[in-house]
Structure formats: C-alpha cells, structure tokens
Amino acid sequence: MFVFTPQSEDAVLEQLAQVGDSPKDNGTLEMIVCRPQPRERQVLEQADISLEDGLIGDCWRARGSKDTPDGSAEIDAQITLINSRFINAIAQDRANWGLAGDQLYVDFDLSEENLPAGTRLAIGTVILEVTVLPHTGCKAFTMHFGSGATRLVNSPEGRKLRRRGVNTRVIQVGTVQVGDTVSKNEAT
C-alpha cells in the first residue's frame with residue numbers, strides 16, 4: 001500500500017495540479033465503495049441509495065457517530081464523495097482508493113467555491129445535498145495514507161478545496177452506477 005511520505009510529496013503535488021482540472025459540472029462517477037463493516041470494502045458497479053440507510057449495504061447507519069448526542073448516525077454525513085483525481089494522487093493505485101472510506105469517487109470539483117453547502121447534485125436517479133459538516137482526515141485516513149496526506153487535506157487550502165471530500169445527505173432515493181454523470185441540480 002502507498003503511504004504519502006515527504007519523499008513522495010513532490011510527485012503527489014505534481015499530480016494534485018490536475019485536481020483543479022476536474023469538471024465544475026457534468027463530471028463522472030468513477031467508483032462506488034460499500035463498507036459492509038468497518039474496515040471492510042466492496043467495490044460496486046451499481047448501488048441503491050435510500051433516505052434511511054444511505055448506500056444500501058453500507059454500515060453508515062449501524063456504525064453511528066460519536067458526534068451525535070445519542071450516538072446515532074450523522075444524517076449530514078450520509079454519503080461522502082471524494083475527488084477521484086485527488087485520491088489517485090494520494091493512493092497511487094486505483095486498487096487503494098477504497099481505503100479512503102468514502103462511498104462515491106467522482107471526477108468533479110468538490111471545492112467550497114463550486115459546491116457551497118446546500119448545493120444539490122444529481123447522480124443517476126439520486127439527488128444529494130452538500131452539507132456544512134466538514135469531511136476531514138481522520139486516524140484511519142492517516143493509517144492508510146500517512147500523516148503527510150492528512151496534513152495536506154486538513155490544511156486551510158485543503159479544507160477550502162475539500163481535498164478530503166464532501167459530506168452529503170440523501171434528498172431523492174434511487175440508483176447510481178459507475179459512469180453516471182454528476183451534475184449540479186437546482187433545488188425544487
């Protein structure tokens with residue numbers, strides 16, 4: 001497994017320049033990852049999304065959250081998206097992308113400027129809404145990709161560009177499939 005180190009930082013930073021070229025609209029869903037249990041990953045070609053459970057088969061709801069008063073799942077972190085160009089730069093191999101722990105891997109500009117909280121995204125027949133809850137590098141992210149990667153995503157620039165990704169909640173249920181277009185959707 002690749003771990004972001006000071007020696008690899010220059011190569012990674014070179015690849016990061018491409019992240020800014022991600023589409024601001026009409027991007028692509030590159031990968032879907034289901035987490036049936038903590039630390040378990042299944043790469044899917046298609047997934048169903050529900051209001052109650054998020055990505056069907058994922059442990060988001062059962063895992064809960066230490067940040068909610070009753071330990072229940074955080075609705076504002078129901079589905080997480082990460083930029084595929086960014087994770088490719090950090091993971092160095094598509095086989096390692098799922099270690100990030102996100103469900104949807106997209107070639108799409110996830111920056112605060114492009115997707116302020118409240119922005120809705122259409123993917124397949126699903127509509128997701130970007131939430132204000134920040135998505136930051138955690139212990140598991142550091143374990144898989146190293147402290148350098150975590151510093152990169154948690155830096156002021158990394159947070160503004162949402163290098164670690166973005167949290168969303170489900171607005172409209174449906175199905176997503178690898179290759180689906182990711183587009184901004186006007187709120188109804």
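Considering only region 81-109, state which residues are part of a strand (DSSP E or B) and either surrounded by 23 or more Cβ atoms within 10 Å (Cβ to Cβ) or out of contact with any strand residue (DSSP E or B) (no Cβ under 7 Å at 6 or more places or on another chain) (or both).
Of everything in region 81-109, those that are part of a strand (DSSP E or B) and either surrounded by 23 or more Cβ atoms within 10 Å (Cβ to Cβ) or out of contact with any strand residue (DSSP E or B) (no Cβ under 7 Å at 6 or more places or on another chain) (or both) turn out to be Leu81, Ile82, Asn83, Leu104, Tyr105, Val106.
Output the number of the condition that Gly118 fails; it satisfies all remaining conditions of (1) more than 22 Å from Ile32 (Cβ to Cβ); (2) modelled with pLDDT of 95 or more; (3) in contact with a Pro (Cβ under 8 Å, 6 or more places away or on another chain).
All conditions pass for Gly118, except number (3).
Answer yes or no as to whether Glu112 is surrounded by fewer than 18 Cβ atoms within 10 Å (Cβ to Cβ), touching a Lys or Arg at 6+ places or on another chain (Cβ under 9 Å) and either on the phi < 0 side of the Ramachandran plot or part of a strand (DSSP E or B) (or both).
Yes, satisfied.
Residue check: is Asp76 within 26 Å of Thr119 (Cα to Cα) and in a helix (DSSP H, G or I)?
yes
Would you tally the residues in region 27-52 being part of a loop (DSSP other than H, G, I, E, B) and either within 17 Å of the chain's Cα centre (by Cα) or small (Gly, Ala, Ser) (or both)?
Residues flagged as part of a loop (DSSP other than H, G, I, E, B) and either within 17 Å of the chain's Cα centre (by Cα) or small (Gly, Ala, Ser) (or both) within region 27-52 amount to 7.
Name the helices (runs of 4 or more DSSP H) wholly within region 128-181 that hold at least 1 residues that are modelled with pLDDT of 90 or more and surrounded by fewer than 19 Cβ atoms within 10 Å (Cβ to Cβ)?
By residue number, 156-161.
The values are calculated or read from the model by the stated rules, or taken from the named source; none is laboratory data. All figures in this text were calculated on a predicted structure; none of them were measured in a lab. Note: ideal-geometry Cβ built from the backbone for every residue, glycine included; neighbour counts use all protein chains shown.
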